[in-house]
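The values are calculated or read from the model by the stated rules, or taken from the named source; none is laboratory data. As the structure is a prediction and not an experimental result, all values here were calculated from the model. Using ideal geometry, Cβ is built from the backbone for each residue, glycine included, and neighbour counts are taken over all protein chains shown.
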C-alpha cells in the first residue's frame with residue numbers, strides 16, 4: 001500500500017525522482033528513454049489501428065466495428081499510461097541501484113492483441129462483415 | 001584525435017532518431033484523426049475534433065523538439081519527467097478524441 005501511494009506521488013510530482021539515489025550513467029537513462037518511446041509508438045500504433053478499423057471497414061456491422069475500435073483505443077491508452085509508469089519505475093530503480101522492475105504487461109498486451117485477431121478471424125469466417 | 005567528444009555507441013543519435021520515429025507515428029495518427037472528423041461532414045463538433053487533434057499533435061511536436069535540441073551534447077541529461085508526461089498526455093488525448101468521434 002505504501003508502495004502504491006509512493007508510486008502515486010511520483011505520478012503527480014515526478015521531479016521528486018531526482019531526490020533519490022545517484023544519477024545513473026547517461027547511456028542507461030537514454031536506453032530507458034528509447035524503451036519508453038518504443039512503448040509510445042506501440043500505443044500510437046494501437047490508436048491508429050482503432051482509427052483505421054472505424055474508417056476503412058465501413059462494411060462491418062456497427063456494433064462489431066465500434067467494439068473493435070474501442071478495444072484497440074483502450075489498449076493504446078493503457079499502453080501509453082503504462083509506458084510512463086514503467087519508465088519512472090525503471091529510472092528510480094537505476095538511481096537506487098536496485099533490480100529493474102518486472103512486468104506482466106507485455107504478456108497481457110499480447111493476449112489482448114491475440115484476442116482481437118481471433119475476433120477478426122471469426123467475423124470474417126462467419127461472414128458478419130458487409131451487413 | 002581532436003574534435004568534439006562523442007559517444008562511441010552513438011546513444012544520443014539513436015535516441016534522437018527514436019524521437020523522430022515516434023513523431024512520425026504521432027503524425028500518422030493525427031492525420032487519421034483529422035480525416036475521421038472531416039469525413040463526418042463540416043459540423044461544429046467536427047471542427048472541434050480537428051482543432052483538438054491538431055493541438056495534441058502540436059503538443060507532441062513541441063515536446064519532441066525540446067528533447068531533440070537538448071540531445072546535441074555528447075552526454076545529454078536524462079529525460080525530464082515533465083516531458084515524458086506531456087508526450088503521454090498528447091497520445092492519450094488523440095485516443096480520447098478518436099473515441100469521441102466514434103459516436
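Per the conditions (1) modelled with pLDDT of 90 or more; (2) surrounded by fewer than 17 Cβ atoms within 10 Å (Cβ to Cβ); (3) under 29 Å from residue B:38 (Cβ atoms), the sole criterion not satisfied by residue A:78 is (2).
State whether the residues of the range B:81-90 include one that is assigned to a helix (DSSP H, G or I), more than 16 Å from the chain's Cα centre (by Cα) and on the phi < 0 side of the Ramachandran plot. Looking for residues that are assigned to a helix (DSSP H, G or I), more than 16 Å from the chain's Cα centre (by Cα) and on the phi < 0 side of the Ramachandran plot, one finds none in the range B:81-90, hence no.
Among the candidates B:73, B:27, B:23, single out the residue that is over 19 Å from residue A:40 (Cβ atoms) and more than 7 Å from chain A (Cβ to nearest Cβ).
So the residue among B:73, B:27, B:23 that is over 19 Å from residue A:40 (Cβ atoms) and more than 7 Å from chain A (Cβ to nearest Cβ) is B:73.
Here residue B:99 passes the criteria (1) under 15 Å from the mean Cα position of the chain (by Cα); (2) closer than 15 Å to residue A:43 by Cβ except the one numbered (1).
Is it true that residue A:67 is farther than 16 Å from residue B:100 by Cβ, in contact with a helix residue (DSSP H, G or I) (Cβ under 9 Å, 6 or more places away or on another chain), surrounded by fewer than 23 Cβ atoms within 10 Å (Cβ to Cβ) and more than 7 Å from every other protein chain (Cβ to nearest Cβ)? Yes; evaluated as a whole, the condition is true for this residue. Screening the range B:1-42 for residues that are part of a loop (DSSP other than H, G, I, E, B) and touching a helix residue (DSSP H, G or I) at 6+ places or on another chain (Cβ under 9 Å) and picking the one that is modelled with the highest pLDDT gives B:9.
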